1. How long, wide and thick is the chain, going by the Cα atoms along their three principal axes, in whole angstroms, largest first?
2. Note down the net charge around L63, summing +1 for each Lys or Arg and -1 for each Asp or Glu among other residues with Cβ under 12 Å from its Cβ.
3. Would you mind calculating the relative contact order of the range 288-390 from Cα pairs under 8 angstrom and at least 6 residues apart, reporting the percent as a whole number?
4. Note down the relative contact order for the chain as a percent, whole number, built from C-alpha pairs under 8 angstrom at least six residues apart.
5. Pull out the extension gain between E395 and E164, defined as 0.36 nm times the separation in residues minus the alpha carbon to alpha carbon distance; nm, one decimal.
6. Given labels modelled 7 Å from the Cα in the Cβ direction, how far is it in nm from Q415 to Y375?
7. Give a residue-ordered list of calculated ³J(HN,Hα) values for the range 79-85 (Karplus: 6.51 cos²θ - 1.76 cosθ + 1.60, θ = phi - 60°; whole Hz; x for Gly, Pro).
8. Provide the per residue accessible area, probe 1.4 Å, for the chain, rounded to a whole number of square angstrom.
Amino acid sequence: MKYHIWTIGCQMNQADSWRAAEELEGLGWQATPDVEQADLIVLNTCVVRQSAEDKARGRIGSLKPIKRHRPSTAIVVMGCLVGEESSGLEQSFPFVDLFLRPSDVEGLMSYARGRWASATPQRSPTADVPVSYFVPVMEGCDNHCTYCIVRLRRGRERSRTLEEIVAEVRSLVDRGAREVTLLGQNVDAYGHDLPGQPDLADLLHAVHEVDGLWRIRFLTSHPSDMSNRVIDAVARLDKVCEHFELPVQAGHDLTLKRMARGYTVDQYRSLVQRIRDQVPGASLATDVIVGFPGETEDHFQATWDLLAETRFDVVHVAAYSPRPGTPAALLADDVHPEEKHRLRRLVEELQGRIATEINQGLSGSTVEVLVEEEYKGKWKGRTRTNKLVFFEHEEDWRGKLALVQITWAGPWSMQGKLGAPSSGPGQGS
Ligand code: SAM
Ligand code: SF4
């Protein structure tokens, strides 16, 4: 039997798709890149912006002829397109066999077992896994950001237990993973719903104990939930990488208030300062939305100024997209699409310059790279600070730590040449 999985959206979707693929392989199934060959097609969707939703709906629609020619093909749609209540998806896409809520990999597997009687477990998952693996540690989000549909689709926060997560990380390490990224929409709120209320710092300490694991990352952090304990854990624990994903969304208090983000620009500034004081050399990534309802030129200028002053390593910028059912969708979407496009370009240009300057600061220095895969004839990996590095070498470097001297640096990636071989995990940029 053959399966095909198509994924868009965040790392959580990627993690769910990996898990689905592993479980299907455990049933003896094989992946195929060709939808026409697949017995089971899974589409893992995203609706964070209208453009993502359009892409997901277009992709589902493109499968209609396949179902007509080969009715035995099963089509399953999961991810954030699928809400709690029926939103007319069954009517729009009657040829889809099953709609599953975000992250419902169990639902997918029980469907596969029920539909294909022979699809009983054949082996426990022993296949190799990616060197750098995503591990969801919690689902959902209890915040109320007014623009966000994800919290509506994924529901309230539910944390997995420390023991369950540590056991999964051990098994991943046994199968070749060397780095894990602990995932949550709001990962720094981890654990408050569990007995004894362990927090993200406790989780980092527990995962740090796993032998054979070299690096730990976590994302995405909400600025209001980032505690000193977490910053301290990043500073103290060797395996925890010095990198924070800390979405600010806007640089003006009025916009932050309309977004219901729960902090002010000054509070965000002092959080960044605390991180930089406690974890020198930490890299910082952020998310920004431009063209939010009511955003004036002055409000945007405040965002631009904050980005210029903070000098993030990475900025993900999105044009505001009204999402049905969210409080912001009731506000007039009063920034013209062309204006949103212009604002987005201004942020991209600024960030392109800043990231180039930051990365060029590493030129000539030697960085420690965990090599993830071969890509277009080069080895591809990342530094502890999450910078993408490529280098050429005839030996197999997958899953190893390489010391690479940077010879070229651009805004999104760097290139280098292999230096002395690394003796093992350690510090470095
Ligand atoms: N939980 C994270 C946080 O607190 O920001 C991120 C979750 S959201 C799935 C990922 C990013 O998509 C957000 O940081 C935001 O910048 C962007 N985003 C979410 N809703 C959006 C909307 N309606 N329009 C444009 N961008 C949006
Ligand atoms: Fe959405 Fe806000 Fe929760 Fe992030 S913190 S998932 S933007 S509601």
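The values are calculated or read from the model by the stated rules, or taken from the named source; none is laboratory data. As the structure is a computational prediction, the values presented were derived from the model and not from experiment. Cβ coordinates were reconstructed from backbone atoms using ideal geometry, including for glycine residues, and neighbour counts include every protein chain displayed. Surface accessibility is based on the protein's heavy atoms, side chains included, excluding ligands, DNA and RNA. Shrake-Rupley method; radii C 1.70, N 1.55, O 1.52, S 1.80 Å.
1. For the chain, the Cα spread along each principal axis is 58, 57, 47 Å.
2. That sum, taken over residues with Cβ under 12 Å, equals +4.
3. Once normalised by length, the contact order is 26 percent.
4. In percent, rounded to a whole number, it is 10.
5. 79.5 nm
6. 1.4
7. These are the phi-based 3J(HN,Hα) values: x, 6, 5, 8, x, 5, 9 Hz.
8. So the chain comes to 44 Å² accessible per residue, rounded to a whole number.
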